[in-house]
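This report refers to the structure that appears directly beneath it.
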Amino acid sequence: MQEGFSKDVIFLDEYIVSQTRETLELTGHEVESIALIPEGRAHYIFRIVDRAGLISIARFEKSGRGVGLDGIRRDFEFNGPISISRERNLIDLVREQANLPALRVYGMYEDTPTPFLIVENLPGIYWSEYIEKNNFSKEAYLNSLKFIGFDMANAHKVKFISFGDIIREDIIQPGNITSFAERIRIITEPKIKRAEQLGTLNSNELAYLKHTLQSELSDLEDVTKTSSLQPILAITDIHPKNFLVDDNGKPSGYFDLEYCQSAPPALDFYFLRWFLLNYFEGISDQAEEALLERYTANGGTYDSKNPTNKKLEYLLSINRLMQAVNEYHGLSDELRKGWSGQFKQILFNSMDEGEINYPKITSVFRSWTKQPLYAT
């Protein structure tokens with residue numbers, strides 16, 4: 001099965017479905033029907049119906065996806081280890097400690113050639129589908145952001161003692177990092193090395209990037225010496241097709257949680273600016289106000305106007321722009337073939353101007369998300 005999961009994409013669908021059915025039946029599952037869900041960067045995902053008519057989801061690791069030089073599967077964003085055992089721990093943590101509607105895990109299978117989880121089939125539709133279903137209504141959009149703000153506050157009530165990758169509730173790696181400036185350095189260095197390897201940035205661009213980051217991180221270290229940054233549970237990967245909502249726009253299912261971090265709240269808020277708060281042009285201030293209304297009412301402590309938080313969001317966005325330049329480099333598909341160059345331009349404009357142009361970032365993703373420029 002391991003060999004099959006690395007076959008050329010031309011042979012992928014039929015082969016992988018048949019091999020997955022075989023693996024599931026060998027592990028005691030009676031499969032009536034199985035269908036590949038074409039989503040998931042780190043997983044092959046299947047909807048399973050058993051012979052009693054019960055529906056569940058199988059999440060198989062993608063063999064070779066994101067494997068580092070040390071042979072360990074790592075995520076693109078934080079260079080943290082990925083495994084189904086860590087994923088299960090994070091799912092349980094989000095559901096039990098943050099009281100959010102995360103998946104229930106029915107089974108974990110680590111001893112098969114390709115490890116996998118069996119999880120519940122969550123109710124609801126993708127957030128992006130909810131917005132489209134409501135005719136891109138400004139009212140529906142802002143109302144849903146209030147629910148999301150409430151959930152973010154719940155997550156941010158879960159506290160840790162150091163910054164890093166959450167392996168399980170009591171294990172944070174690398175460990176003993178109490179300066180978030182140092183944490184940003186750690187997650188930035190692999191992206192700079194990757195840019196050097198790929199040739200996405202020339203020598204002058206790399207020098208400018210390194211100088212800017214060094215200066216900004218030194219400033220951040222000075223600022224954070226006089227302010228307290230509490231490590232909290234950051235969900236991080238919240239984008240329009242990465243969580244489910246009900247008919248009212250309230251989140252009904254969080255399912256991609258393998259990148260959760262122990263970090264300041266700014267880590268979630270910069271992500272929200274990338275993918276949700278600038279979804280439509282001209283109303284980002286209203287969007288932020290709507291989200292913060294419920295976030296603050298539910299005990300959230302993030303202050304978007306605080307200079308330290310602004311600097312954190314800026315540096316985290318620079319970091320992610322670097323990732324995007326590398327990740328989309330050399331892609332030839334019609335949808336993303338120009339994304340690396342577009343993100344590179346945004347990266348250097350952001351460093352020149354000292355602030356992130358979030359609407360420009362949204363404009364790149366609009367070819368994927370298909371939302372109109374303005375809400376109705």
Does Gly338 satisfy the criteria of being touching a helix residue (DSSP H, G or I) at 6+ places or on another chain (Cβ under 9 Å) and free of Cβ contacts under 8 Å to residues at least 60 places away in the same chain? yes
Identify the residue in segment 22-79 that is in contact with a helix residue (DSSP H, G or I) (Cβ under 9 Å, 6 or more places away or on another chain) and among the basic types (Lys, Arg) and, among all such residues, is modelled with the highest pLDDT. Arg59
Among residues of segment 243-252, those that are assigned to a strand (DSSP E or B) and on the phi > 0 side of the Ramachandran plot, counted: 0
Among (1) β-branched (Val, Ile, Thr); (2) modelled with pLDDT under 95; (3) under 20 Å from Gln173 (Cβ atoms); (4) touching a Pro at 6+ places or on another chain (Cβ under 8 Å), the one test that Thr236 misses: (4)
Failed condition for Gly164, given (1) surrounded by 13 or more Cβ atoms within 10 Å (Cβ to Cβ); (2) closer than 23 Å to Glu355 by Cα: (2)
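Residues are listed down the side, and each one gets a yes or a no for (1) within 19 Å of Leu145 (Cβ to Cβ); (2) among the polar types (S, T, N, Q); (3) surrounded by 19 or more Cβ atoms within 10 Å (Cβ to Cβ):
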residue	(1), (2), (3)
Asn278	yes, yes, yes
Thr296	yes, yes, no
Tyr314	no, no, yes
Tyr328	no, no, yes
Arg336	no, no, no
Within segment 206-235, restricting attention to residues that are exposed (fewer than 13 other Cβ atoms within 10 Å of the Cβ) and hydroxyl-bearing (Ser, Thr, Tyr), which residue is farthest from the chain's Cα centre (by Cα)? Thr226
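Does Asp237 qualify as being outside any loop (DSSP other than H, G, I, E, B), under 22 Å from Arg88 (Cα atoms), in contact with a helix residue (DSSP H, G or I) (Cβ under 9 Å, 6 or more places away or on another chain) and not aliphatic (A, V, I, L, M)? Don't jump to the end; show me each part of the working.
Values: outside any loop (DSSP other than H, G, I, E, B): no; under 22 Å from Arg88 (Cα atoms): yes; in contact with a helix residue (DSSP H, G or I) (Cβ under 9 Å, 6 or more places away or on another chain): yes; not aliphatic (A, V, I, L, M): yes.
Considered against the rule, which asks whether it is outside any loop (DSSP other than H, G, I, E, B), under 22 Å from Arg88 (Cα atoms), in contact with a helix residue (DSSP H, G or I) (Cβ under 9 Å, 6 or more places away or on another chain) and not aliphatic (A, V, I, L, M), Asp237 comes out as no.
Taking the stated definitions as given, is Ile186 touching a residue at least 60 places away in the same chain (Cβ under 8 Å) and within 17 Å of the chain's Cα centre (by Cα)?
Details: touching a residue at least 60 places away in the same chain (Cβ under 8 Å): yes; within 17 Å of the chain's Cα centre (by Cα): no.
For Ile186, the condition - touching a residue at least 60 places away in the same chain (Cβ under 8 Å) and within 17 Å of the chain's Cα centre (by Cα) - is not met.
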Note on segment 172-205: residues surrounded by fewer than 14 Cβ atoms within 10 Å (Cβ to Cβ) and either within 17 Å of Ala98 (Cα to Cα) or of a type in the set (Lys, Arg) (or both) are Lys193
Quick one: Glu293 ticks every box in (1) farther than 16 Å from Pro265 by Cα; (2) charged (D, E, K, R); (3) modelled with pLDDT of 95 or more bar one, so which box is it? (1)
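Looking at segment 347-364 only, could you name the residues that are under 20 Å from the mean Cα position of the chain (by Cα) and either open to solvent by less than 20 Å² (accessible area, probe 1.4 Å) or of a type in the set (Val, Ile, Thr) (or both)?
At the first step, the residues of segment 347-364 found to be under 20 Å from the mean Cα position of the chain (by Cα) are 347, 356-364.
Within segment 347-364, Leu347, Ile356, Ile361, Thr362, Val364 meet the criteria.
The values are calculated or read from the model by the stated rules, or taken from the named source; none is laboratory data. Source: prediction; values computed, not measured. Every residue, glycine as well, gets a Cβ built from its backbone with ideal geometry; the counts of neighbours run over all protein chains shown. Please note that ligands, DNA and RNA were not included when accessible areas were found on the heavy atoms of the full protein model with its side chains. Shrake-Rupley method; radii C 1.70, N 1.55, O 1.52, S 1.80 Å.
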